[in-house]
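What follows is a set of notes on a single structure, which appears directly below.
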Amino acid sequence: DIRLFIRSYKWDASLKTDEPQSDLDGEWVTVTRENVGNYSSVGWSAIKELYDNLGGCPVGGIDSSASGSTMRSFRKEKGDGTFNKIIAPVTNMNIRGIFWYQGEGDKNNENFAEDFENLVTEYRTEWNNPNMPVIYVQLAASPKLILTDEANSGQDYTKARYAQLQAL
């Protein structure tokens with residue numbers, strides 16, 4: 001019993017809105033081989049492992065991604081309309097935990113650890129659950145940086161990865 005929420009739209013910045021939305025614009029589906037490819041592969045792997053570890057207890061996942069966005073975009077108080085479009089609609093749901101996989105847009109954010117802590121506090125407040133688990137995926141090291149000297153390639157996530165470690 002794994003269900004995924006599949007959005008009916010592909011994210012782009014023009015979808016940001018000043019007003020909090022209540023409609024998710026998509027549908028819940030039971031996972032099949034045909035539709036799982038429409039979901040984040042990293043998110044799917046985490047949901048599947050959670051499902052297996054819970055002994056088959058029903059699990060659902062909502063992909064609230066916004067490619068290229070910064071962490072602040074996902075915050076109610078600091079956001080740019082991204083929160084209103086893709087986070088606000090799920091704040092009335094019974095969310096039991098958050099799986100956070102973001103950071104590329106914050107690779108040069110000197111306040112990453114503090115911003116992440118504030119985001120977690122804000123989300124726990126939004127869902128009225130001060131102990132809600134928040135798990136994040138650390139950004140991967142770029143193979144190009146490991147195998148070559150391309151530190152200026154724009155793909156160097158070393159600072160962001162270190163900040164993610166500090167945010168633990």
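Among the listed residues I146, I135, identify the single one that is modelled with pLDDT under 65 and aliphatic (A, V, I, L, M).
So the residue among I146, I135 that is modelled with pLDDT under 65 and aliphatic (A, V, I, L, M) is I146.
Among the residues in the range 38-49, are any within 21 Å of G103 (Cβ to Cβ), free of Cβ contacts under 8 Å to residues at least 40 places away in the same chain and not in a helix (DSSP H, G or I)?
yes
So which residues in the range 12-37 are within 17 Å of the chain's Cα centre (by Cα), assigned to a loop (DSSP other than H, G, I, E, B) and more than 15 Å from V90 (Cβ to Cβ), if there are any at all?
Hits for the range 12-37 are D12, K16.
Please find, within the range 10-37, the residue that is modelled with the highest pLDDT out of those that are of a type in the set (S, T, Y) and more than 30 Å from C57 (Cβ to Cβ).
T17
Considering N128, N152, N108, N118, which residue is among the polar types (S, T, N, Q), surrounded by fewer than 17 Cβ atoms within 10 Å (Cβ to Cβ), modelled with pLDDT of 90 or more and assigned to a loop (DSSP other than H, G, I, E, B)?
After applying the criteria, what remains is N128.
If a residue has to be within 24 Å of Q166 (Cβ to Cβ) and either without any contact (Cβ under 8 Å) to a residue 60 or more places away in the chain or crowded, with 17+ Cβ neighbours inside 10 Å (or both) to count, how many in the range 88-105 make the cut?
Matching residues across the range 88-105 total 8.
Taking only the range 65-82 into account, find how many residues are without any contact (Cβ under 8 Å) to a residue 60 or more places away in the chain and part of a helix (DSSP H, G or I).
4
From the residues in the range 38-67 that are at pLDDT below 90 and open to solvent by 70 Å² or more (accessible area, probe 1.4 Å), which one is nearest to the chain's Cα centre (by Cα)?
S67
Kindly provide the set of residues from the range 22-37 that are open to solvent by less than 60 Å² (accessible area, probe 1.4 Å) and free of Cβ contacts under 8 Å to residues at least 12 places away in the same chain, ordered by number.
Answer for the range 22-37, where residues must be open to solvent by less than 60 Å² (accessible area, probe 1.4 Å) and free of Cβ contacts under 8 Å to residues at least 12 places away in the same chain: just T32.
The values are calculated or read from the model by the stated rules, or taken from the named source; none is laboratory data. Owing to the predicted nature of the structure, the values given are computational and were not obtained by experimental measurement. Don't worry about glycine lacking a Cβ; one is built from the backbone with ideal geometry, like all the others, and counts go over all protein chains shown. Accessible surface is based on the protein model in full, side chains and every heavy atom, while ligands, DNA and RNA are left aside. Shrake-Rupley method; radii C 1.70, N 1.55, O 1.52, S 1.80 Å.
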